[in-house]
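Data block below; observations after.
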Amino acid sequence: MHALSLNNQNLPYPDPLHPIVVHFVIAMVLFSFVCDVVGYFTRNVRLFEVSFWNMFVAAIAIFLAVIFGQFEAGLAQVQKAAQSTLNYHTVLGWSLAAIVAAIAAWRFVIRNSNPRKVPPAYLGVATLLVCLVFLQVYLGSKLFWVYGLHVEPVVQAMKQGVSP
């Protein structure tokens, strides 16, 4: 078995891919939510269609984000202090993948049964989803900005045995 050749960030490619894909997912989930809320109050049915397609694509892309996240987390040299945050971020990431897929499926059923309305219950669940997404953003930000996962100076310090 050949070992991966890793760069100064402990990655086999130039930059982490997880944040790139995950920011795409975050934007699509939030934009879907905004379109549904605005569509609900303005009765603009075109916004419901935009919302559906954003949630549909987010449901696919979130699995890519989670897979890249798992791969990159496996390559990271994680400080003991960061381990619980990383574990929580991982569990919430997989949970969000399932939740987004379920909500996208529900949104598909809503779209097929009555494309001119979105029930308040759906908006309530979508609000909870947005809250979970914000929690996940907080955890991911903490892993990068506080613990320096895949940040070159931190990776180099860890390789030299220095705890950052």
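Computed quantities for the displayed model
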| read-out | value |
| --- | --- |
| Qualifying position, being open to solvent by less than 20 Å² (accessible area, probe 1.4 Å) and part of a helix (DSSP H, G or I), among Val91, Val100 | Val100 |
| Out of Leu86, Leu75, sole residue that is open to solvent by less than 40 Å² (accessible area, probe 1.4 Å), out of contact with any helix residue (DSSP H, G or I) (no Cβ under 9 Å at 6 or more places or on another chain), in contact (Cβ under 8 Å) with a residue 24 or more places away in the chain and closer than 20 Å to Ser141 by Cβ | Leu75 |
| Residues of segment 1-32 satisfying the condition of being part of a loop (DSSP other than H, G, I, E, B) and closer than 13 Å to Val66 by Cα | Pro16, Leu17 |
| When residues of segment 1-54 are limited to those that are under 17 Å from Phe108 (Cα atoms) and of a type in the set (S, T, N, Q), the one surrounded by the fewest Cβ atoms within 10 Å (Cβ to Cβ) | Asn54 |
| Matching option when the condition is surrounded by 14 or more Cβ atoms within 10 Å (Cβ to Cβ) and within 30 Å of Ser5 (Cα to Cα), among Val130, Val66, Val57 | Val66 |
| Count of residues meeting criterion [at pLDDT 95 or above and open to solvent by 60 Å² or more (accessible area, probe 1.4 Å)] in segment 103-116 | 5 |
| Selection within segment 89-135 - hydroxyl-bearing (Ser, Thr, Tyr) and in contact (Cβ under 8 Å) with a residue 40 or more places away in the chain | Tyr122, Thr127 |
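The values are calculated or read from the model by the stated rules, or taken from the named source; none is laboratory data. On a predicted model such as this, the values are computed, not experimentally measured, just so you know. Please note: Cβ atoms are built from the backbone with ideal geometry, for glycine as well, and neighbour counts cover all protein chains shown. SASA here: full protein model, heavy atoms, side chains in, ligands and nucleic acids out. Shrake-Rupley method; radii C 1.70, N 1.55, O 1.52, S 1.80 Å.
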